[in-house]
1. Does VAL83 count as touching a strand residue (DSSP E or B) at 6+ places or on another chain (Cβ under 7 Å) and either modelled with pLDDT under 95 or within 24 Å of PHE174 (Cβ to Cβ) (or both)?
2. In the list LEU132, LEU113, which residue meets the criterion of being under 17 Å from TYR168 (Cβ atoms) and without any contact (Cβ under 8 Å) to a residue 24 or more places away in the chain?
3. If you go through the stretch 142-153 one residue at a time, do you hit one that is modelled with pLDDT under 95, out of contact with any helix residue (DSSP H, G or I) (no Cβ under 9 Å at 6 or more places or on another chain) and within 25 Å of VAL5 (Cβ to Cβ)?
4. What is the residue count in the stretch 1-31 for residues that are modelled with pLDDT of 90 or more, in a strand (DSSP E or B) and open to solvent by less than 50 Å² (accessible area, probe 1.4 Å)?
5. Out of the stretch 96-135, which residues are of a type outside the set (Lys, Arg), more than 19 Å from GLY166 (Cα to Cα), part of a helix (DSSP H, G or I) and open to solvent by 10 Å² or more (accessible area, probe 1.4 Å)?
6. Which residue out of VAL141, VAL177, VAL154 is touching a Pro at 6+ places or on another chain (Cβ under 7 Å) and either open to solvent by less than 30 Å² (accessible area, probe 1.4 Å) or of a type in the set (A, V, I, L, M) (or both)?
7. Please go through the stretch 136-167 and pick out each residue that is part of a loop (DSSP other than H, G, I, E, B) and touching a Leu at 6+ places or on another chain (Cβ under 8 Å).
8. Residues being more than 16 Å from SER85 (Cα to Cα) and of a type in the set (Lys, Arg): count how many of those fall in the stretch 16-69.
Amino acid sequence: MCGIVGYVGPKSALNFLLEGLYRLEYRGYDSAGVAIQEDGSIAIRKKTGRVGQLAQLCQEQPITGSYGIGHTRWATHGEPSDVNSHPHTGGNGEVVLVHNGVIENYSTLRNQLREGGYVFRTATDTEVVAHLVAHHLAEEVKMGADPTSVPTCVKAVEAALKRLKGTYGLGILFRDVPGLLIAA
């Protein structure tokens with residue numbers, strides 16, 4: 001089991017996300033991370049260990065922004081490590097997400113996405129979901145959809161969800177659509 005928090009609002013997302021992660025930490029996690037929209041990109045900080053170690057990393061490498069997602073991880077796919085910690089990116093960084101649950105068909109999806117040119121950097125089932133959403137976003141764009149529109153992003157998420165087998169709770173950000181956080 002993992003814990004997910006998200007924030008969209010007028011205040012600093014980092015403080016809200018860290019507080020939420022501290023509140024979830026009692027459940028015994030092995031890593032934590034945050035992703036925050038910042039200056040046209042999504043800044044990610046993640047760290048193996050307790051939330052306090054993530055907070056220290058965020059002090060050393062500050063990030064600002066008023067919306068984002070956070071995650072505490074209990075490893076199911078891939079060992080506890082900074083690389084395997086959430087959030088994960090899809091495509092060329094246009095999708096960033098966190099995931100709670102287990103994707104049973106991740107191996108099949110990973111192979112299909114690799115054949116399509118997607119490069120995997122982790123051993124997680126979550127990175128598969130991130131690339132799958134990015135893939136469906138690219139497919140929407142090929143059909144003439146605007147990658148900066150909310151409906152396009154929603155369609156990409158819906159198409160990806162139809163292909164997943166297993167359990168999931170997701171928090172999803174899109175680099176090119178500031179202010180959008182999709183929960184599924």
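The values are calculated or read from the model by the stated rules, or taken from the named source; none is laboratory data. The shown structure was predicted, so the numbers you read here are calculated from the model rather than taken from an experiment. Here the Cβ is made from the backbone with ideal geometry for all residues, glycine too, and neighbour counts use every protein chain on show. Areas reflect the complete protein model, heavy atoms only, side chains present, ligands, DNA and RNA absent. Shrake-Rupley method; radii C 1.70, N 1.55, O 1.52, S 1.80 Å.
1. Criteria not met by VAL83.
2. Of the residues listed, the single one that is under 17 Å from TYR168 (Cβ atoms) and without any contact (Cβ under 8 Å) to a residue 24 or more places away in the chain is LEU113.
3. Looking through the stretch 142-153, none of the residues is modelled with pLDDT under 95, out of contact with any helix residue (DSSP H, G or I) (no Cβ under 9 Å at 6 or more places or on another chain) and within 25 Å of VAL5 (Cβ to Cβ).
4. 3
5. GLU115, HIS135
6. Numbers: VAL177 fails: touching a Pro at 6+ places or on another chain (Cβ under 7 Å); VAL154 fails: touching a Pro at 6+ places or on another chain (Cβ under 7 Å).
Every option except VAL141 fails the conditions.
7. Taking the stretch 136-167 first, the residues part of a loop (DSSP other than H, G, I, E, B) are 143-149, 164-165, 167.
Within the stretch 136-167, PRO147, LEU164 qualify.
8. Count: 2.
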